1. Inside the chain, counting only helices (runs of 4 or more DSSP H) that do not spill past its ends, which hold 2 or more residues that are surrounded by 15 or more Cβ atoms within 10 Å (Cβ to Cβ) and at pLDDT 95 or above?
2. What pairs can you find where one residue is in region 38-62 and within 12 Å of Leu7 (Cα to Cα), the other is of a type in the set (Ser, Thr, Tyr) and assigned to a helix (DSSP H, G or I), and their Cβ atoms are less than 8 Å apart, with a gap of 6+ or different chains?
3. For region 18-62, which residues satisfy the criterion of being β-branched (Val, Ile, Thr) and within 14 Å of the chain's Cα centre (by Cα)?
4. Please verify whether Val15 is among the β-branched types (Val, Ile, Thr) and touching a residue at least 40 places away in the same chain (Cβ under 8 Å), treating the condition exactly as stated.
5. Output the residues belonging to region 1-28 that are more than 29 Å from Trp57 (Cα to Cα) and not hydroxyl-bearing (Ser, Thr, Tyr).
Amino acid sequence: MTVERILRLMAGGFVLLSLALAHWHSEHWLWFTAFVGLNLFQSGITNWCPMMTILKWAGVPK
């Protein structure tokens with residue numbers, strides 16, 4: 001699996017998890033959803049994502 005594919009899986013998983021937590025636990029989990037969306041937005045503009053740097057450092061193939 002490549003860095004880009006893992007990153008998309010993680011972002012989607014975080015969004016779904018935070019939405020489920022907001023539904024069943026506390027609406028404050030929607031702030032985490034907003035954080036993930038904001039990070040995706042800034043990475044689209046700057047072409048840099050902290051998680052991509054971490055995954056590359058961990059040895060995940062490009």
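1. By residue number, 3-24, 30-46.
2. Note: pairs meeting the criteria are Cys49/Ser43; Met52/Ser43.
3. Of everything in region 18-62, those that are β-branched (Val, Ile, Thr) and within 14 Å of the chain's Cα centre (by Cα) turn out to be Thr33, Val36, Thr53, Ile54.
4. The answer is no for Val15.
5. Scanning region 1-28 gives Leu19, Ala20, Leu21, Ala22, His23, Trp24, His25, Glu27, His28.
The values are calculated or read from the model by the stated rules, or taken from the named source; none is laboratory data. Since the model is a prediction, treat every value here as computed from it, not as a measurement. Methodologically, a virtual Cβ is constructed for each residue, glycine included, from the backbone with ideal geometry; neighbour enumeration extends over all protein chains shown.
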